[in-house]
Structure formats: structure tokens, C-alpha cells
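Everything on this sheet refers to the single structure shown next.
The values are calculated or read from the model by the stated rules, or taken from the named source; none is laboratory data. Here the structure is a predicted model, which is why all the values come from computation and not from measurement. Cβ placement follows ideal geometry from the backbone for every residue including glycine, while neighbour counts extend to all protein chains displayed.
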Amino acid sequence: MKEELQENLQEDWKQEWKQLNSYQLDAVLDESPACVVNANVGSGKTTVLIEKILYLHFQKRVPLEEMVVLTFTNKAAGEIAERLVKKEPSITREQVQYFGTFHSVALCLLKEKLPVEELGFTKDFTVIDPEEEADLALEIIAERKLNVKYKNRLKKRLEQEYRSYLQGKENSRQKDDLFLLYPLLEEEKKKQNKMSFSDLLRISISLLKRESVYPSWIIVDEVQDSDGLQMEFLEALKGNETKLFAVGDPNQVIYSWRGTVQNTFYLLKQQFEAKELSLPINYRSNASILEAANRFLQFGNKIQGAREAESKIIIKKHYDPFQEAEYLSERICELHAGGLAYSEIAVFYRLQKQSDILEKVFSKNEIPYQVSIRKTIKDIPVLNWFIKVLRFSCNPADVQMGIEALTDANYGEKCTKKKAKELLENAQTKTKDISKKTENMPEQKKETSQKSKAGGLYWKMTKFAQKEEWRSADIPLEEEIFAYFGLNEALHPTTSSYAEDERTILEFLRKLCDYCKTEKCFFIEGTRDFVNSSALYGMNLFEKEPDGECDAVRLMTLHASKGLEFDHVFLIGANQGMLPLHSQGFEMEEEECRLFFVGITRARNKLEISYYTNPGERGVLSECSRYLRRIPAHLVEWEDHPSDEQRRSNLQQLRREVQEQLREKAEEKDVKRARHPKYGEGILISEDEMMVEVEFEGYGRKQFLKAFGEVDICK
DNA sequence: AAGATCTATCTTTTT
DNA sequence: GATAGATCTT
């Protein structure tokens, strides 16, 4: 039976492999101790990766559990998992535990294989994001009265200057106490039993040196994006018998500003004596696009095409972004009328804010569009708060989360930071004592805590981990948990946002319960894992629907376009000073060029690039990007967009309207908000030592005496 | 404590 | 090339 199955599979593979070219097949079959594949754009890199994993598993009998497959984003990890399961539905989630981002794999190792206790953590540790780390740092700075400059940029500084701190360099750039802060911060994180993103890697690396966990294979996707820590992680994870297979494209390095190692391929070859293979053939784009793209290659050999030069690249000159947006509307309508799906059309730009005008004009012209901006949990205040509640509930050592949950302006208890701190620190010293007391006289405790408002949520959080019925295989209903935390009250049932908030939380809880059920773990443990994942996976974990399916034109930055492909690509704002964005260094400049390269190689069939004679932006020149002149003339059709009088006056009006709306939007962002227990949230009109004036939707402007303390000013 | 001067950063974004 | 923040100057 098994033999038969095996043979069938072998037949399948032969079929499968017919679709691979010889370069791809070489890469799939290669079993050198270390191998790096220099994969050109659109050369079937992910296909090779998947085939390789299947080949190793089914043909070479390497258990999937012994493979570590590393990606840089959750999206990429998800794609690999999806394609793998599609080909081989028998693969289970447990088998691919170590398939994921560097950070999620590190988390998994720390939870399952590495002795974190040796470094002063427990297995219950939680994960914090950079913002929380910065907040924690600020606390320490205040407490220890450290002199740290540029506090507003602390998040960035913490990350950037950590390297030189580790290398024992002098803190020469800024003369302040930042380097005194690092050890204190480390100590505090240990005390609160939590790790930052980089801690996950760093601590894994140091523990891997003591306790080796050598997988049979390490497979890395997009290896050109590795930063120093990730390279170290690879090194620490790789045993002498471990084989390394890494795929990437040095021409697509567009994130070096966040610490990408510059010459990854060279380093890999040096360090692991890796063999180098290449995937030169591009199946995606037509020959004109590829010939243009070849002019922008910085590394490796020419991209070989597999297609004809069907049409030229169009370069269009527009008066300004408004005229361009109108033109795009028209063109997209035509294309759609001609049978092209909206979702096969994409508009790329250099800066996020360039989407504003497009959005306004597209909605006016009723063109469905989708702007790709990453939503994070932080954008949803209720969820952000509730996750803090859960974080403290799962990890009572996390004092910081406890305080933040209790003092949250919107959903927390009406209690001051000082009081919350006292409450928690008091509990810290005699946790067991208190928990015993509460077990013995729960009714009484409940009463007093409701009287002294600040107690309700606090007790619920501390007692969460002690609930016996949640330490069993029975997973509670989402409504039960909702009720346990008294959320119907905490979410302010009288406010207009209540219904939405309730739905959000119940949705989240449902995902959490589902997770516990599929993972077959106890509710408490499941919650801890899930909450950790939420730090690492962000919205991916509980997005309602993957937004991929809807038929709409995609609007995105060039950065966001990486890894995607479309039939028809518009690349807008190709002006000097915009696309290359005015940048100082030469290295930066090279990266702008790679960004342009990534942009144009997303197009399968049609590529249109445009620029403005009146860009109307600071620092943007009216001449076109010099990259455009680098494209061989015979591949290009230069066009002027004509505009008659009628149209011009319409545009004037449009311009005014849109600019007005944008100004309002910008003002709204700067507006301070305030919350009142009865009227809900409103816009802060004025404030002095005595009074606050707030405008509430539906109630109008109200004035309050500050001394009453009913109004919380939100930050 | 105000005013002058220096300086970094802006943009891109993942975990 | 502007601007915000920190630092220096009086």
C-alpha cells in the first residue's frame, strides 16, 4: 500500500518536474551542505522552494519536523504553508511548526526546546512590541532620573544604538545615559518575564550556543533581506550536519534602511562555503519590460526572458497629480470595459501620501480601489486595550501591562497610575497570600472591589490564571470570557461605539477559542500563545477576510509591491526628487534604483510610467526621473497628455475640493479628544487650568469644571 | 528664560 | 531644503 502510494507520488513528481526548467530542477535536487540560489525576479523562486520541501520530505524521507523554513514576513510564511497544503493535503499544522518568520521560529524554539530558565525567564514569558519596550524604557528613565536625549525618537534609538552598545563602543554620538539604560531595561524585561522582538532572536542565539538544536535542513526565503541578527541566528541554528538552502535576489534589496546586511550572498558563500546556483529565466513579464529591467540590474547576470516584446512601455507627461488621477480613472475604465479585472491593475507610488489624491478622484469616478496599508492592533483601541488585559492576566509579572490596562483612558478603571502601581507592586510581593484570601472570601472581596472602583478589573486579571475550570480541555464560550472581565460595563454600553467594540472583542475571543480547540491546549496556555502571536503576527491572525479576493484596483507604495505581480502596472510620480527621492548618500541612491526596478518588474503585460510638469511638492523637480532616460528609446513611447480648456477648469475645482478635504483630514488628526462618562468621546475645543470645553457628537459643546474630574483628556 | 545655533530627520515598514 | 528638538548663549 505504502509502496504504491510512493510510486504514485513519484509519477506525480515526474509530471511536476516537467514544468521546471533545468536551473530550477538543479536547485530542487541540490544537496550541497550549503547552497545559495541567486534568483532573478519572476524566476519561480517560491515554486522551487515548495518543490524542494516536497522532494526532501517524500523522496529523501526528511521529516518535515526536522526542517526549519524561514521567511521575513508572515504573509510569505502563509503563502508557503498554503501552497504546500494545496499540493499535499495530508500535511498537518504540527509538522510545519518550524515553518515561519525568523521571529516566530525563534519564539517556538524558546517555548519548546531552549532552556530559557537559564537566563532568568520562565516558559510563560510574553512578547512585547517595540513601542511597549520604549514605554518601559521611559518608565525606567523617569524612575532612575536618567538623562536621555531625543526621547521622542527613543524607539528608533533603542534599536539603532543597541549594536554599538553590545560592541562596547563609546556612546559618542549623543552624550547621554542611553548606555546606562540598556542593562536596566534588560533587567526589567527579565523581571517582568517578557522579550522584545530582537530579544527573541538574541536569546535564541545565545541559548543555541549552549543547547544545540540542529535541524536537518534550514531553508530560507528572500535571504537578501537578512539583518545581522538573522544571519547570526542562521549560524547558531546550523549544525555541522545541517544543510542550508537559501534563495534570494540581491537586486531586490529595498529595506536596507532597517538594517539589511549589505552583501548577504557573499557572506553566505564565505561563511558556509555555500555553492551558488542561479535562476535566470523570468516567466512573468514581456520582453520590453525585461529589457528595460536589465538596465537596472546591479548584481548578477542578465535576466533571460521567456516571452515576446508585445507592447512598448508608455511614459506619460501630466500637468499635475490631479490631471493624472483623472487620466488614470479614464484609462482604468477603458481597461475594465475591455475585459480586464480591476484586481489585475495596480498603481504604484513612492510615498504613502500620494494615494490621497487618487483615492478622492477614484471614489468620485466610482472606480473600486484598495489601498494597501497595514492595519495593526494599535489602530483598534478596544482590541489594543483588551490584549493588554489578557497579557497581564497570563503573565502577572508584566506590571507594565497591568498598569496600562488599568489606567487606559477609555476602557480602564478610573484609577491613577500611582494607585495602579501601588496595587500591583503590593500584589507582587505577596501574590500567593492574596490569592488565598480571595479564594476564601470571594463574595466580600467582590463587594469591596466594586466600591473602590479600581479593584474590579484588577482582581479579574489576577484571578484569571487561577481559574481551575480554564486549566482543562474544556474551552469556555467567548461570551463567558466577555462576562468574566465585565466587558459589558467596561466598554461603556451607552456610547455609540459600544456595538462595534463588542463585536470586535467577541470576534477576537472566538478566534482565540478556535485556536485553543485546534491546538488542543488548555484555555490559559492557549491564551498565552495567542496573545504572544498577536504581538508577532499583528492583524494577520484575526483579519476578518483576507483582502485578496475583492475586485478592486490596487494602490500601493513601491515597497509594498514587492513580491506581487499584475497584468497592468501604472508607476506614477516618476519625477526627479520623488523617484529617486531626494536622498543624500550614494548607497541610498542605489536603493532608490532597486526600488524602481522592483516596481517595473511587477508588470506582466503593460507598464505605464508617468511624471508631472507641476508636481507641487516640496523638493520635487518638474523634470522626469533620470531612470526614465536609462530605458532604451526603442522600448518606449513618450506621450503628452492633452488637456482642453473645459477639463482644465474642472480640474481647478477638483483640486480645490480635494485640497480642502485633505486639510480637514490633517486637522482632524491633530485634534485632541476627550472622554466623558455620559457623553462618550468628543473633540476637545479648549482647555485651561479650571475648565475644559468638549464637543460631543449629538450633544453639542459642553463645558466642564476640571475639579469634577469627569472628563479624561485622551492623548 | 528667551533667542541663536546646531543637528538629525523627513520617506519606505517587518517582526 | 524645511522643521522640530536639543543645546548653547546671553
Which of the helices (runs of 4 or more DSSP H) contained wholly in the stretch A:56-172 include at least 3 residues that are away from DNA strand C (no atom under 16 Å from the Cβ), over 18 Å from the mean Cα position of the chain (by Cα) and surrounded by 13 or more Cβ atoms within 10 Å (Cβ to Cβ)?
A:74-87, A:102-112, A:130-144, A:162-166
Do you know which residues across the stretch A:135-156 are closer than 28 Å to A:Trp257 by Cα and either within 14 Å of DNA strand B (Cβ to nearest atom) or out of contact with any helix residue (DSSP H, G or I) (no Cβ under 8 Å at 6 or more places or on another chain) (or both)?
A:Asn147, A:Val148, A:Lys149, A:Tyr150, A:Lys151, A:Asn152, A:Arg153, A:Leu154, A:Lys155, A:Lys156
Report yes if some residue within the stretch A:31-47 is buried (at least 16 other Cβ atoms within 10 Å of the Cβ) and free of Cβ contacts under 8 Å to residues at least 60 places away in the same chain; otherwise report no.
yes
Just to verify a result, which residue in the stretch A:173-196, among those that are outside any helix (DSSP H, G or I) and within 16 Å of DNA strand C (Cβ to nearest atom), is modelled with the lowest pLDDT?
A:Arg173
